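Each value in this text was obtained by applying a stated rule to the coordinates, not by laboratory testing. Please read these numbers as outputs of a predicted model, since none were measured by experiment. Cβ: placed from backbone, ideal geometry, glycine included. Neighbour counts: every protein chain shown.
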Amino acid sequence: MHRRRILTLIAWIHVAFLVVVGCNPVTTVPSATSTQPVTLTVSAAADLNYVFKEMGKLFEQETGNKVIFNFGSTGQLAQQIEQGAPVDVFAAANQSYIEKLEQQGLIIPDTKELYGRGRITLWTRQDSLLEIKGIQDLTKPEVTRIAIANPDHAPYGIAAREAMQSAGIWQTAQPKLVLGENVRQTLQYAESGNVDVAIVALSLSVNKPGRWVLIPENLHKPLDQMLAAIDKTPHESQARQFAAFINGTKGRPLMRKYGFILPGEEPVK
């Protein structure tokens, strides 16, 4: 009899425990995968080489998420995305490439946003004996080799060609041209002394010891640069976060530091 009472008491305790648990839902602990940092792959135009490397460090410090950059010519990067390259965010040097990808359904439309306008410069080494004060100086006989990014797929190369055409020196300059795969390689040609002068991005010029002169913006179409998250990204939330970071309170001052004209701001003359 005593044992039966004990068993009955245990049974009632068990029932009471179940009732209490039922009335107080258990808080689910998020799985490890939901809190682990991710690594984003960002394809970015070559003119962003220096600024985005700084941007990536700030983004990682703030969010814990890492960024791997694939820098190159905008046209070639867009082609890689069209062919299915695993990319989370694309930052192009010209908005037309983002718009073309949007027409193909390859970006998340509401992430499409301008983040800066680029400028082009005439860049020479610090030890150069050439006096390059403006684009007309490219016609001087002592200027024998001029580097520009390949205008077939590089927006900064297109702008360089347009500027020379507008200045009326294209025919004279054309035989002197050396084409880089992208604007970063174009600068390397001048840094190494393989060319006399290079037409490159202001964002690269300000980070390198050398002499540079701004080319008037009215000589070429605006280099309005646009970004977007790629439609097939497996990290949409973090991709959106990085895109917002570039145009946010920490990203904008950094873009300005490297010479970009920010959306809503007036260009430097």
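Multiplying the residue separation of Lys221 and Gln80 by 0.36 nm and subtracting their alpha-carbon distance yields 48.2 nm. Listed by number, the DSSP H helices of the chain that run 24 Å or longer by alpha-carbon position along their axis and have mean Kyte hydropathy of at least 0.0 are 2-23.
Taking a quarter of the surface of the Cα convex hull of region 119-219 gives a mean projected area of 5.4 nm². Global dimensions of region 68-131 from alpha-carbon coordinates: Rg and Dmax equal 15.9, 51 Å.
Would you please give the FRET efficiency between Leu129 and Lys53, computed as 1/(1 + (r/R0)^6) with r the Cβ-Cβ distance and R0 = 30 Å, to the nearest 0.05?
0.40
Entry for the chain at q = 0.12, 0.17 Å⁻¹: log10 I(q)/I(0) = -0.74, -1.25, Debye formula applied to identical alpha-carbon scatterers, no solvent contribution. Here r is the Cβ-Cβ distance between Lys66 and Asn194 and R0 is 41 Å; the resulting FRET efficiency, rounded to 0.05, is 0.75.
Across the cross-link table entries Lys133/Lys208; Lys57/Lys257; Lys66/Lys232; Lys66/Lys221; Lys232/Lys257, which are compared at the Cα atoms, the separations over 23 Å belong to Lys66/Lys221; Lys232/Lys257. Counting only lysines at least 8 places from Lys176 when in the same chain, those with an alpha carbon closer than 17 Å to its own are Lys140.
Among Thr124, Thr186, Thr144, the order by Cβ neighbours within 10 angstrom, fewest to most, reads Thr144, Thr124, Thr186.
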